[in-house]
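Trainee: I have a structure here, written as structure tokens, and I will follow up with some questions on it.
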Amino acid sequence: MRRPLVAGNWKMHGTTASVSELIKGLRLLALPGGVDVAVMPPCLYISQAIAGLAGKNVAVGAQDCAVEPMQGALTGEIAASQLADAGCRYVLVGHSERRLLLGEGDGVISRKFAAAQSCGLIPVLCVGETREQYEAGETVAVVMRQIGAVIEALGVGAFAKAVIAYEPVWAIGTGLTATPKQAQQVHGAIRAQLAAENAVVAEGVRILYGGSVKAASAAELFGMPDIDGGLIGGASLNADEFGAICRAAGS
Ligand code: PEP
């Protein structure tokens, strides 16, 4: 039985004051016991979130890490070891905004995935197809290629301590959501891809859905057999909405 995970990706949002308000809201939430909950603030606010959420069952993660695991001469980057030192538990790798806007390719993403794991962080590998790829019927092929690149670089065993987030690019921040049936089809294909290499790893890995998830759509998505929670962008900036999504994962 996989324990659901709901993670809030705050993206490049927040100020010291607004983060403080959001943390206050998160602290007031009634969260379900059987669900892992995490938030991923911009790096500047990670320490504030960790201090503010102390004693609350909400882990903190980062949105990216450097390809090199240890601190060193790499201007502007943040090492996975530094994120672990700050108290992070998770780190996103390969978010589509970084793949598409910053040109991150599968090689760089595999290195970040490995760097995170070598420092004890849980990488959340984001995969998903663009609208053009979706319309061309390439969804499963694209997602399998993105996951296959990590398997090829690090072996399927790397997914024993990792999370996958399927996020169709056309659904991110657009208000469009894959139907539960569409999402389940992709999640099932991902699990089958892993099972072809290692059935135990495939059965254990959590596969989150992301893309305009709201409280109103969460329960039906999370009710699908291969959807193990969500990666939540916009809706995670509202504590009450985020709390309702977390509770949907626990129902
Ligand atoms: C995301 O960016 O990971 C995401 C899922 O965003 P949104 O929920 O806003 O679509």
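Trainee: Looking for whichever is under 26 Å from Leu154 (Cα atoms), over 19 Å from the mean Cα position of the chain (by Cα) and among the charged types (D, E, K, R) here; the options are Glu97, Glu68. Which one fits? Quick ask: steps written out before the conclusion?
Mentor: Values: Glu97 fails: over 19 Å from the mean Cα position of the chain (by Cα).
That would be Glu68, the only listed residue that is under 26 Å from Leu154 (Cα atoms), over 19 Å from the mean Cα position of the chain (by Cα) and among the charged types (D, E, K, R).
Trainee: Still on this structure, please answer the following. Take residues that are away from the ligand (no atom under 16 Å from the Cβ) and either surrounded by fewer than 16 Cβ atoms within 10 Å (Cβ to Cβ) or modelled with pLDDT under 95 (or both) and tell me which of the helices (runs of 4 or more DSSP H) falling wholly in the stretch 6-115 contain 3 or more.
Mentor: Hits in the stretch 6-115: 16-28.
Trainee: Within the set of pairs 6 or more residues apart or between chains, which connect a residue that is in contact (Cβ under 8 Å) with a residue 12 or more places away in the chain and farther than 16 Å from Asn9 by Cβ inside the stretch 239-251 to a residue that is in a helix (DSSP H, G or I) and of a type in the set (A, V, I, L, M) with Cβ atoms less than 6 Å apart?
Mentor: Ala244/Ala215; Ala248/Ala218; Ala248/Ala219
Trainee: Would you be able to tell me the number of residues in the stretch 135-160 that are open to solvent by 60 Å² or more (accessible area, probe 1.4 Å) and touching a helix residue (DSSP H, G or I) at 6+ places or on another chain (Cβ under 6 Å)?
Mentor: Of the residues in that region, 4 qualify.
Trainee: Kindly indicate the residue of the stretch 222-251 that is under 15 Å from Gly34 (Cβ atoms) and not small (Gly, Ala, Ser) and also farthest from the ligand (Cβ to nearest atom) among those meeting that condition.
Mentor: Arg247
Trainee: Same structure again: Do you know which residues across the stretch 190-218 are within 16 Å of the ligand (Cβ to nearest atom) and open to solvent by 30 Å² or more (accessible area, probe 1.4 Å)?
Mentor: Arg206, Lys214, Ala215, Ala216, Ser217
The values are calculated or read from the model by the stated rules, or taken from the named source; none is laboratory data. As the structure is a prediction and not an experimental result, all values here were calculated from the model. Virtual Cβ from ideal backbone geometry, glycine too; neighbours counted across all protein chains shown. The accessibility values were calculated without ligands, DNA or RNA, using every heavy atom of the protein model including side chains. Shrake-Rupley method; radii C 1.70, N 1.55, O 1.52, S 1.80 Å.
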